[in-house]
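Have a look at the structure below before the remarks.
What follows draws every value from the coordinates through simple rules; no lab data is involved. Everything numeric here is computed off the predicted structure, so don't read it as measured data. Neighbour counts are summed over all protein chains in view; Cβ atoms, including those assigned to glycine, are modelled from backbone coordinates with ideal geometry.
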Amino acid sequence: MAIQSLTDVPAATTDLLQSVFAERASTAADIGPGFSDAVSAMSAFVLRGGKRVRPTFAWAGYLAAGPTRSDPERLLTVCAALELVQACALIHDDIIDRSDTRRGFPTIHREFEARHREAGWRGDAADYGEGVAILLGDLALAWADDLVTEAGFDPEIHRAVTGIWRSMRTEVLGGQFLDIATEASGDEASVAAYRVMRFKTAAYTVERPLHLGAAVGGADPDLIESLRSFGTDIGIAFQLRDDLLGVFGDPSITGKPAGDDIIAGKRTALLSAALGTLDATDRRAAEVLRGRVGRPHTAGELAETLAIITDSGAVTAVEQQINDLVTTALTTLNASSATPAAKQDLTGLATAMTRRKY
């Protein structure tokens, strides 16, 4: 489909992904029926959900440049590749977090655990499910790399795109490592939480997609720097909003239990802010909160935990951080040489990303 505005990008990306999976289906079938079924499950996982945020930001970066080069079809290929990187990250993240569901369906590792159990196969069903999911996440990343390599950009743009792509892959994997290391070590420092947000979320959700699109559009270095700064601020604000929703979000909207991040032991900026304040003002409340991190709650305990966090002023502080980041990002954007239409589109995206309810 032809892309007339940013609202067309999600559907166009999904259409291209469908074609990618269809083209590769015969190769999977030649390898074996079991593998073909596994690839079909991964394809379904990619196609049935997601807002296509990364492709949308990539296209916005392209439009911001007032493209001096016309490569929309090739850029759309990169958009599809971004969604495959996202699939890899989600599939592996669900294993790490031992998540049971994703977007209202069983996670990939749980799906194949159930298949193993239903078939009465030998060995441990959970180990099998995790093994299959690891391989399918790897496959999604490999296919993403294939798409970027085969996009057909001229040599100059190809070098720029692949350089950005290499950095993005390393950043998201490094950010995921920092996340699990921070959780395992119990690091409560705000700098640790912000480092995770910077690399696990902001870089590959907003900053690098904008960078990719701008590079394809022929943006000058100053505009690229402005877009990357905007992307970093909005990406961190997006994750801060996610931190709030992960504790205080409405389960009927978010699909996650109230207090989910606390129960899961996530070392978020929200938790860091609460503990930092309570250590100075209410040591008993600080110790109660520490004792609740990473374990199940009764209804009464959950209500008390949420009250402790709220009373600490952490929610207000995080909301202020979100507002400050959005203000800084929009100031940077408006001072840049991005096209007026792109500034309007990116302002709308920034608002939607940081004010969402799910």
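At a glance:
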item: Nearby lysines by direct alpha-carbon distance to Lys357 (threshold 22 angstrom, same-chain neighbours under 8 apart not counted); result: Lys51, Lys200, Lys256, Lys266
item: Neighbour cut-off at most 13 other Cβ (10 Å), DSSP loop, GluC sites (Glu not before Pro), segment 146-185; result: Glu150
item: Cα-centred dipole magnitude for the chain, charges only on beta-carbon of K, R (+1) and D, E (-1), debye, nearest 20; result: 360 debye
item: Relative contact order of the chain, pairs being alpha-carbon contacts under 8 Å that are 6 or more residues apart, as %; result: 19 percent
item: Diffusion constant of the chain at 25 °C, which comes from Stokes-Einstein with the Kirkwood Cα-pair radius and 0.890 mPa s, µm²/s; result: 114 µm²/s
item: Karplus-derived HN-Hα couplings along segment 34-42 (A = 6.51, B = -1.76, C = 1.60, θ = phi - 60°), whole Hz, x at Gly and Pro; result: x, 5, 4, 5, 5, 5, 4, 5, 5
item: C-alpha center-to-center spacing [segment 113-132, segment 59-75] in angstrom; result: 45 Å
item: Cα-only Debye scattering, segment 48-142: base-10 log of I(q)/I(0) at q = 0.11, 0.14, 0.21, 0.24 Å⁻¹; result: -0.43, -0.61, -0.99, -1.15
item: Calculated log₁₀ intensity ratio I(q)/I(0) where the Debye formula runs over C-alpha points of segment 76-201, q = 0.17, 0.20, 0.21 Å⁻¹; result: -0.96, -1.11, -1.15
item: With eigenvalues of the C-alpha gyration tensor scaled by 5 and rooted, segment 263-323, Å; result: 18, 13, 11
item: Sequence-distant residues sharing a close amide H with Arg102 (under 5 Å, placed H); result: Thr107
item: Where labels lie 7 Å past Cα in the beta-carbon direction, separation of Gln18 and Thr331 in nm; result: 4.6 nm
item: Helix-only mean residue ellipticity at 222 nm for the chain, each DSSP H run of n ≥ 4 adding -39500 (n - 2.57), per residue, nearest 500; result: -25000 deg cm²/dmol
